[in-house]
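First the structure, in the form of structure tokens, and then the observations on it.
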Amino acid sequence: MSYRNAKDIFPPELLKEIQTYVQGERIYIPQLDNVRRNWGKKSGSREIITFRNNEILKKYKDGLTIGELSELFCLSSESIRKIVYKNLKDANNSIEGDLNV
């Protein structure tokens, strides 16, 4: 994690106030809760996992077994089951929502 010099960020009055509490140390200033990103947004992990899960579901629908998918994606059978059944449930809920429109 890189850091920035407080002199370059804070106005002089605020910097003097902060220096009454801490001097010469690195501090972490957390983001506000309402501006926090969801997990995996910054690194792209969320998209990678979503793509992988969609591939697992597609291959399952194409006829691969849970065991074959487990070997192919290097995941436990239980993890593959969770991915497949959750995505099938989400797909069914999406279809039902479209039918109600």
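Throughout, read-outs are computed from the coordinates displayed, never taken from laboratory work. As the structure is a computational prediction, the values presented were derived from the model and not from experiment. Here the Cβ positions follow ideal geometry from the backbone for every residue, glycine too, while neighbour counts run over all protein chains shown.
Data for the structure
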item	result
Longest DSSP-loop-exposure-free segment, trypsin sites (Lys or Arg not before Pro), the chain, at most 13 other Cβ within 10 Å	43-101
Farthest toward positive dipole pole in the chain [+1 Lys/Arg, -1 Asp/Glu at C-beta], among L69, Q23, V84	Q23
Among [x] 11.7; [y] 8.3; [z] 8.7, the entry that matches mean projected area of the Cα convex hull in nm² as calculated here	[x]
Residue-averaged [θ]222 nm for the chain, counting only DSSP H segments that reach four residues, each worth -39500 (n - 2.57)	-18000 deg cm²/dmol
Two-site FRET efficiency, L32 against K82, from Cβ-Cβ distance with R₀ of 30 Å, rounded to 0.05	0.35
Dipole magnitude of the chain about its Cα centre (Cβ charges: Lys, Arg +1; Asp, Glu -1), debye to nearest 20	140
Loop GluC sites (Glu not before Pro), segment 1-46, which have at most 16 other Cβ atoms in a 10 Å radius of their Cβ (DSSP)	E25
Between helix 45-61 and the chain: long-axis angle, C-alpha atoms, 0 to 90°, nearest 10	0
Ranking of V22, V84 by count of other Cβ atoms within 10 Å, fewest first	V22, V84
The chain: relative contact order as a whole-number percent, Cα under 8 Å and 6+ apart	16
Extended-chain gain in nm, criterion 0.36 nm per residue less alpha-carbon gap, C74 and D62	2.5 nm
Highest-fluctuation residue, G67, G40, G24 considered, GNM on the chain with Cα pairs under 10 Å	G24
